Amino acid sequence: MAKLSVIVLALLFVVVSRVSSEEPYFVYPEIYNDPERDAFLFDKFPDGFKWCAATSSYQIEGGWNADGKGVNIWDTFSHEPGNVQNDDNGDVACDSYNKWKEDVKLLEDMKVMNYRFSISWARILPDGTRGSENEAGVDYYNNLINDLVAAGIEPYVTLYHWDLPQALVDSYDGWMGEEIVDDFGDYARFCYEKFGDRVKYWITLNEPYIIAQLGYEYGSHAPGVSGNGDKTYIVSHNLIKSHAKAWHIYNDEFRSTQNGLIGITLNSDWFEPENRDEQADLDASERMMQFMLGWYAHPIFLGDYPEVMKNRIANLSAHQGLNESRLPEFTAEEIEYIKDTSDFFGLNHYTSLLVNDNVDHEPDPPSWDKDHGVNRFPGENWPRAESEWLYSVPWGIRRLLVWIKEEYGDPSVYVTENGFSTADIDDLNDQGRIDYYRSYINEVLKATIVDNVNVQAYTAWSLMDNFEWAEGYTERFGIHYVDFNDDERPRSQKESAKEYARIVANNGFEKGVSAASTQRFGLAVFICCVLFHLRRFVN
Ligand code: PNW
């Protein structure tokens, strides 16, 4: 009998110690299981942390020619056969032009604090300029904003999410022309006048990198122009100046009465050196960060383009026999005008890649890719989304956030997009997206409370499935499902929306709710019961 008691006690001890030993929990146990790097952190975000969901005008609104809206470059581009998968377009999209009340309801149900959406420039200024004002368009945004405010949801409004009025391309080649700077400023002023009494967070541009690169270097986005490391730099130059103009107008004419914040949203991958013992790989990582993120962040947060860009592009341009660098120069006055024109650091982040030095460069024909001279490739076994470029690498966002803190002097960071795509199938049980959100948000949590990065907001892309640019409706990023075959465009909650709402409600992750710990606890209770009965049987 004494023997049995000892065995029972020993077993109980083993079970209890297993349950209470803080065994690390991993979201991707097969792939990312380094306890130092990948162990899940059960903790909360600081009080006041903002939870948000996002969309953009062309991707959801539809109503492409409703009530006096002007044509924009995505209307033109998507109506041209061959530009978008299946020749899809945003003519109807999620029909949010008519169904915005349903969108507000989705946000309310998840209890997020903020909604990030964008204004369609051509809906309120059909030819892009003051004088062409379209009242019906202004009403649409007034209604949406009023409903959000009534629901206690703060609007985060993006002025430009890629849908440029076609008229501005017809008259001066859009972002290629210097004239855009004043027109963008006028458009921004119009928005502050109309909506600034209720909108306290403005984002000037969404992802200038994608605008320039996909629109004017690779040609896969509207207006579909290809380049050789030339137009992309000119367009970026004008984008940066336009951003600064919109910030100064707000700062000079509206800030004192409207008391809002205005910044830019930049996108960046994290570029992990393939081998951290190789100086060439460390250099490649740094160079790639500067060519993608520093291109815009350096002028805006520190002043002027990164040295490495100025040097490399000047050298390669000289090698081509050009008299000047393909990278335009800012005057000293412009450098000052542009510096410190973002009240927060808006960050869109989705993925990471490994990098090393590209040694076999044949500089002709020139391109942005040859200018940076870096090879980029995914790691083995990294889980991939439906989008070709999107790998789930949760620890990358933490490294990127720390890099931003160190490089740009600890700005307040708003994560303005993060998300995962799935195929065009009717499935509300989106475990892949849940894993992505849990692991990425957990790494943002580590960056915030362990590394002291000043992260103030997190935004899920996207509130609902929508028009995914050149991929049309073949990739779904929504945490709500939209049935594009139904004229009513019904929305339904995916499991990921429920999981996101739980994270929002907990302001992070509660301890002891991992599947593994629940299982262990269940097992321990079961063993105790069995032992208890065994004991009575022996007696
Ligand atoms: C962002 N890439 O764009 C945009 O802001 C959204 O409008 C878009 O729907 C979302 O990400 C998902 O794609 C990106 O090729 C587009 O690396 C392409 C890339 C990254 C971001």
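The values are calculated or read from the model by the stated rules, or taken from the named source; none is laboratory data. Just so it is clear, the structure is predicted and the values come from calculations on it, not from any experiment. Ideal geometry is used to build each Cβ from the backbone, glycine not excepted, and the neighbour counts take in all protein chains shown. What goes into the accessible areas is simple: the full protein's heavy atoms, side chains included, and nothing from ligands, DNA or RNA. Shrake-Rupley method; radii C 1.70, N 1.55, O 1.52, S 1.80 Å.
Cβ separations smaller than 6 Å between residues 6+ apart or across chains give the following pairs from the stretch 154-174 residues that are under 16 Å from TYR216 (Cα atoms) to residues that are part of a loop (DSSP other than H, G, I, E, B) and charged (D, E, K, R): TYR172/GLU179.
In the stretch 140-163, the count of residues that are charged (D, E, K, R), in contact with a Ser or Thr (Cβ under 7 Å, 6 or more places away or on another chain) and part of a loop (DSSP other than H, G, I, E, B) is one or more. Taken over the stretch 57-106, the criterion of being among the basic types (Lys, Arg) and either touching a Phe, Trp or Tyr at 6+ places or on another chain (Cβ under 7 Å) or over 18 Å from ARG476 (Cβ atoms) (or both) is satisfied by LYS69, LYS101, LYS105. The single residue among ASN114, ASN143, ASN134 that is of a type in the set (S, T, N, Q) and open to solvent by 30 Å² or more (accessible area, probe 1.4 Å) turns out to be ASN143. Considered as a group, the residues in the stretch 463-478 that are on the phi < 0 side of the Ramachandran plot and out of contact with any Asp or Glu (no Cβ under 8 Å at 6 or more places or on another chain) include one that is farthest from the ligand (Cβ to nearest atom), and that residue is ASP465. Quick one: is LYS105 free of Cβ contacts under 8 Å to residues at least 24 places away in the same chain, surrounded by fewer than 22 Cβ atoms within 10 Å (Cβ to Cβ) and either within 14 Å of the ligand (Cβ to nearest atom) or more than 21 Å from SER220 (Cβ to Cβ) (or both)? Answer is yes for this residue. Counting only residues that are outside any helix (DSSP H, G or I) and in contact (Cβ under 8 Å) with a residue 24 or more places away in the chain, the stretch 124-139 holds 9 of them. If a residue has to be more than 16 Å from the ligand (Cβ to nearest atom) and of a type outside the set (Val, Ile, Thr) to count, how many in the stretch 144-162 make the cut? Within the stretch 144-162, residues that are more than 16 Å from the ligand (Cβ to nearest atom) and of a type outside the set (Val, Ile, Thr) number 9. Scan the stretch 257-268 and tell me whether some residue there is part of a loop (DSSP other than H, G, I, E, B) and not hydroxyl-bearing (Ser, Thr, Tyr). Taking every residue of the stretch 257-268 in turn, at least one turns out to be part of a loop (DSSP other than H, G, I, E, B) and not hydroxyl-bearing (Ser, Thr, Tyr). What is the one condition in (1) in a helix (DSSP H, G or I); (2) surrounded by fewer than 21 Cβ atoms within 10 Å (Cβ to Cβ) that TYR28 does not satisfy? The failed condition is (1).
Of all residues being closer than 23 Å to PRO29 by Cβ and free of Cβ contacts under 8 Å to residues at least 60 places away in the same chain in the stretch 388-419, which is farthest from the ligand (Cβ to nearest atom)? Just the residue, please. Filtering the stretch 388-419 for residues that are closer than 23 Å to PRO29 by Cβ and free of Cβ contacts under 8 Å to residues at least 60 places away in the same chain, the one farthest from the ligand (Cβ to nearest atom) comes out as ARG398.
Residues in the stretch 199-235 that are within 10 Å of the ligand (Cβ to nearest atom), open to solvent by 10 Å² or more (accessible area, probe 1.4 Å) and over 29 Å from VAL138 (Cα atoms): LEU214, TYR218, SER220. If the condition is being among the charged types (D, E, K, R) and either assigned to a helix (DSSP H, G or I) or open to solvent by 60 Å² or more (accessible area, probe 1.4 Å) (or both), then the stretch 302-319 contributes GLU307, LYS310, ARG312.
Would you please name the residue that is surrounded by the most Cβ atoms within 10 Å (Cβ to Cβ), looking only at residues in the stretch 164-198 that are among the acidic types (Asp, Glu) and either within 16 Å of the ligand (Cβ to nearest atom) or in a helix (DSSP H, G or I) (or both)? If we take residues in the stretch 164-198 being among the acidic types (Asp, Glu) and either within 16 Å of the ligand (Cβ to nearest atom) or in a helix (DSSP H, G or I) (or both), then ASP183 is surrounded by the most Cβ atoms within 10 Å (Cβ to Cβ).
Quick one: which of LEU428, LEU463 is part of a loop (DSSP other than H, G, I, E, B), under 19 Å from ASN114 (Cα atoms) and either acidic (Asp, Glu) or modelled with pLDDT of 95 or more (or both)?
Testing whether each residue is part of a loop (DSSP other than H, G, I, E, B), under 19 Å from ASN114 (Cα atoms) and either acidic (Asp, Glu) or modelled with pLDDT of 95 or more (or both) leaves just LEU463.
Note on the stretch 63-96: among residues that are without any contact (Cβ under 8 Å) to a residue 60 or more places away in the chain and crowded, with 22+ Cβ neighbours inside 10 Å, the one that is farthest from the chain's Cα centre (by Cα) is TRP64. Candidates in the stretch 59-97 are the residues that are part of a helix (DSSP H, G or I), among the polar types (S, T, N, Q) and within 16 Å of the ligand (Cβ to nearest atom); of these, the one that is farthest from PHE484 (Cα to Cα) is SER78.
Of everything in the stretch 48-58 that is in a strand (DSSP E or B) and among the hydrophobic types (A, V, I, L, M, F, W, C), the residue that is nearest to the ligand (Cβ to nearest atom) is ALA54.
Restricting the stretch 274-301 to residues that are open to solvent by less than 10 Å² (accessible area, probe 1.4 Å) and over 26 Å from GLY419 (Cβ atoms) leaves a set whose member that is farthest from the chain's Cα centre (by Cα) is ALA284. Within the stretch 470-485, track down each residue that is open to solvent by less than 10 Å² (accessible area, probe 1.4 Å) and closer than 22 Å to ILE211 by Cβ. If the condition is that a residue be open to solvent by less than 10 Å² (accessible area, probe 1.4 Å) and closer than 22 Å to ILE211 by Cβ, then GLY472, PHE477 are the ones that fit.
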